[in-house]
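Presented below is the structure to which this report refers.
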Amino acid sequence: MSTLDLTRRRLLKGAGALAAAPLVAAGGPAMAAAPFLGAVEPRTYRFKLGDFEVTMIADSEAFVDGPWPLIGGNAERADVDGLMQENILPTNKYRPGFTPMVVNTGKELVLFDTGNGERGFVPRPHGGWLAKQLAPAGFAPEQIDVVVLSHGHPDHIGGVLEKGEPLFPKARYVTGAVDYNFWSSGRPAGDLANFAALYRDYVVPFADRTTFLDPGDQIVPGISAIEAFGHTPGHLGFDIESAGKRLVFWGDCAHHQVASLARPDWHCVFDVDKEQGARTRTRMFDMVASGRVAVSGFHMPFPSLGYVERRKDGGYRWLPHSYQLAL
C-alpha cells in the first residue's frame, strides 16, 4: 500500500469519527461573541550584551506623513513611492521608532536619549512615554546614573525635565562638545531657533553636571563616542562593548528602515547639513555591515534593533533583530 493510500485512509477515518460525534442539541445556549480587546504591542525589550544588560523603551506610537519628502526630498517622489511599494509599505504613512535605551553595566545605569517628553516632536498621548515607561521597564528615575544625549533635537532631550523638574535627579549628563556649543550659542535660525530655545531650557541648566565629549572619548568603561556629524553639527553615535559582544547606538543616522538605508544619498529633512548627513550614513552603514555589528537605531521600528546588509546596488538593507542577541 502506498504512502498516499495510508494518508487517505487516516483522513477518511478522522472524518468518520467527526461524523459520528454527537451534535449539540438545536436551540441550546448560544456562545456569546468574545469582546475585542484592542491591539497590544510591546513597549520594552531587554537582552544581555556580554556582561551588560540592555533595555529598549518605546517613547511613541505615532504615525507620520511620508516618507517623502521627509526622506528623499532631493529625489523624485515617484522613486521614493516606488521603493515603498517594492517593500510592501504605504507611500503616505510610516511609523518611526522613538526608542531610548538603558545600559546596565553592572556598576551604572546609562540612559541613551530621553525621548519627546512634554515638548518634543510627538505630543502626548502619542509620544513622550519614557517617564511613565521607566517603572514597567524596571527602573526608577533616581536610579539613572548617566544620561547620554546623542544630539540636541527635541525628541532626544524632551524627557530631561518633567513638569519643570529634572526627571533624573541624581544623574550626570554627557553630550558632544560640538553639539552643545551649536545649540547653546544662539546661532541657530528659523526652525532651529525654536529647537535651540528648548535646548537652553532643558540642557544648558545642567552644564555644571555635564561632560562634553569629542569622538573617541569614553563615557564609562566599554562605551565610547563615534563621530556621526551632519544630522546636527555634533551628532554622536556610541560604541558599546562587553565581554566580546558589541552594539552600536547610531542615534539618528537613519529615519526610515527602508528609504534611509537603500538610498543613503537621499536627504533627510531633519539633517542640519544634508550632504554631510548623507556621507555619515554611508560611512556608518558600511562600518556596521562590514563588522556584522548589532545596531540600536533610535528611529527604527521598535525594538529598534537590527543589523545592516550591504546590497549589490550600492545601498544597504535593514535586517530586524530576531534572536541573535538572545544567544
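The values are calculated or read from the model by the stated rules, or taken from the named source; none is laboratory data. Bear in mind that the values here come from a model prediction, so they are computed numbers and not experimental data. Cβ coordinates were reconstructed from backbone atoms using ideal geometry, including for glycine residues, and neighbour counts include every protein chain displayed.
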Leu167 passes all but one of the listed conditions (1) over 26 Å from Ala254 (Cβ atoms); (2) surrounded by fewer than 20 Cβ atoms within 10 Å (Cβ to Cβ); the exception is number (2)
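Mind checking whether some residue in the range 189-196 is of a type in the set (A, V, I, L, M) and either in contact with a strand residue (DSSP E or B) (Cβ under 8 Å, 6 or more places away or on another chain) or within 19 Å of Leu111 (Cα to Cα) (or both)?
no
For the range 80-94: of the residues being touching a residue at least 12 places away in the same chain (Cβ under 8 Å) and not polar (S, T, N, Q), which is surrounded by the most Cβ atoms within 10 Å (Cβ to Cβ)? Steps first, answer last, please.
Initially, the range 80-94 is screened for residues touching a residue at least 12 places away in the same chain (Cβ under 8 Å), giving 80-81, 83-84, 87, 89, 91-94.
If we keep only those that are not polar (S, T, N, Q) as well, we get 80-81, 83-84, 89, 93-94.
Numbers: Val80: 25, Asp81: 17, Leu83: 23, Met84: 20, Leu89: 16, Lys93: 12, Tyr94: 21.
That would be Val80.
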Would you be able to say whether some residue in the range 199-208 is touching a helix residue (DSSP H, G or I) at 6+ places or on another chain (Cβ under 9 Å), under 22 Å from Met300 (Cβ atoms) and not hydrophobic (A, V, I, L, M, F, W, C)? no
Determine which member of the set Gly138, Gly127, Gly152, Gly115 is of a type in the set (Gly, Ala, Ser), farther than 19 Å from Val269 by Cβ, in contact with a Ser or Thr (Cβ under 9 Å, 6 or more places away or on another chain) and surrounded by 21 or more Cβ atoms within 10 Å (Cβ to Cβ). Gly115
Residues of the range 234-261 being surrounded by fewer than 20 Cβ atoms within 10 Å (Cβ to Cβ) and out of contact with any Ser or Thr (no Cβ under 9 Å at 6 or more places or on another chain), in sequence order, are Ala243, Gly244, Lys245, Arg246
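Do the conditions hold for Asp217, that is, is it surrounded by fewer than 18 Cβ atoms within 10 Å (Cβ to Cβ), closer than 28 Å to Gly106 by Cβ and without any contact (Cβ under 8 Å) to a residue 40 or more places away in the chain? Can you show your working first?
Working: surrounded by fewer than 18 Cβ atoms within 10 Å (Cβ to Cβ): yes; closer than 28 Å to Gly106 by Cβ: yes; without any contact (Cβ under 8 Å) to a residue 40 or more places away in the chain: yes.
Yes; evaluated as a whole, the condition is true for this residue.
Being under 20 Å from Leu198 (Cα atoms) and either assigned to a loop (DSSP other than H, G, I, E, B) or not basic (Lys, Arg) (or both) is true for just one of Val147, Val110. Which residue is that?
Working: Val110 fails: under 20 Å from Leu198 (Cα atoms).
The match here is Val147.
Confirm whether Ala58 is modelled with pLDDT of 95 or more, farther than 30 Å from Arg119 by Cα and surrounded by 13 or more Cβ atoms within 10 Å (Cβ to Cβ). Reasoning before the result, please.
Working: modelled with pLDDT of 95 or more: yes; farther than 30 Å from Arg119 by Cα: no; surrounded by 13 or more Cβ atoms within 10 Å (Cβ to Cβ): yes.
Taking the combined requirement at face value, the residue does not satisfy it.
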Val103, sole failed condition from (1) in contact with a helix residue (DSSP H, G or I) (Cβ under 9 Å, 6 or more places away or on another chain); (2) crowded, with 19+ Cβ neighbours inside 10 Å; (3) within 21 Å of Thr210 (Cβ to Cβ): (1)
Would you check which residues across the range 185-214 are of a type in the set (Gly, Ala, Ser) and surrounded by fewer than 16 Cβ atoms within 10 Å (Cβ to Cβ) and list them? Ser185, Gly186, Ala189, Gly190, Ala193, Ala197, Ala207
Based on what the data block shows, is Asp208 among the acidic types (Asp, Glu) and farther than 21 Å from Asp252 by Cα? yes
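Here is a yes/no grid of residues against (1) out of contact with any strand residue (DSSP E or B) (no Cβ under 9 Å at 6 or more places or on another chain); (2) over 17 Å from Val308 (Cα atoms):
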| site | (1), (2) |
| --- | --- |
| Arg246 | no, no |
| Phe249 | no, no |
| His255 | no, no |
| Ser260 | no, no |
| Arg263 | no, no |
| Gln276 | yes, yes |
| Arg279 | yes, no |
